[in-house]
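Below is one structure, written out as structure tokens; the observations come after it.
The values are calculated or read from the model by the stated rules, or taken from the named source; none is laboratory data. Keep in mind that this is a model prediction, so the values were computed, not measured. Neighbour counts are summed over all protein chains in view; Cβ atoms, including those assigned to glycine, are modelled from backbone coordinates with ideal geometry. For the accessible areas, the whole protein counts, side chains as well, though only heavy atoms, and no ligand, DNA or RNA atoms are used. Shrake-Rupley method; radii C 1.70, N 1.55, O 1.52, S 1.80 Å.
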Amino acid sequence: MRSHLLLLAVFAFFVSLVFAVIAKDEAREQLRFGGMMFAGFLAAAIVLGWLMYPFPL
Amino acid sequence: MRATTTTDETQSGTIVLLCLASWAIPGAGHLWLGRRAKGLIFLVALPVMFAIGLAIRGRLFPFDFSDPLVGLEALADLGIGVPYFIASALGYGAGDVRAVTYEYGNAFLIVAGLLNLLVVIDAYDVMMGRK
């Protein structure tokens, strides 16, 4: 498992899962909260990745 | 008066035991309090996250506070409880700084420990009737 995107997705999945289960009690709310958080992780990573693309350090 | 004090001491002891159990075995506190679904999710998710961190060559940091970040990372790693001691005893967690996944492995290990500490706080809140 060397794909950075895959590792990021796995990491985001576990963090979102645990936060959703801690923060919400109803299964439906957990799914919504966790889904939003997971999508936020992926979207932020992709957007930040593209923003950094023109500035190699 | 004495009965009240004894009851308070018993409750304090139970709270300490609950927090220790919750730290040592992720999800144990929630299982103890009857929150089975939550407890089982923590029991599976956090050790799996920790194991992935080890599998992709993350490092269990030493308790070296001459470099504060290393010391703090060691404390975060310890947050996962018993899996940390099992991994240490079996010789896992040496880390390989040359591996492409080294930093990811560290992130998995550190965050698994920190999330387990959040789970301990959540179990404490549930026991105190705040949730």
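Numerical summary
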| item | result |
| --- | --- |
| Failed criterion for A:D25 (all others in (1) under 16 Å from B:V119 (Cβ atoms); (2) part of a helix (DSSP H, G or I); (3) over 11 Å from the mean Cα position of the chain (by Cα); (4) of a type outside the set (S, T, Y) hold) | (2) |
| Qualifying residue in segment B:2-13 (condition: among the hydroxyl-bearing types (S, T, Y), in contact with a helix residue (DSSP H, G or I) (Cβ under 9 Å, 6 or more places away or on another chain) and under 30 Å from B:G129 (Cα atoms)) | no |
| Helices (runs of 4 or more DSSP H) wholly inside segment B:24-131 that include at least 3 residues being away from every other protein chain (no Cβ under 14 Å) | B:68-78, B:82-89 |
| Check on B:Y92, open to solvent by less than 30 Å² (accessible area, probe 1.4 Å), of a type in the set (S, T, Y) and over 16 Å from A:F19 (Cα atoms) | no |
| Residues of segment A:1-45 that turn out to be open to solvent by less than 90 Å² (accessible area, probe 1.4 Å) and more than 14 Å from chain B (Cβ to nearest Cβ), as a count | 6 |
| Any hit, segment B:115-129, residues being out of contact with any Ser or Thr (no Cβ under 8 Å at 6 or more places or on another chain), closer than 26 Å to A:M1 by Cβ, without any contact (Cβ under 8 Å) to a residue 60 or more places away in the chain and open to solvent by 30 Å² or more (accessible area, probe 1.4 Å) | yes |
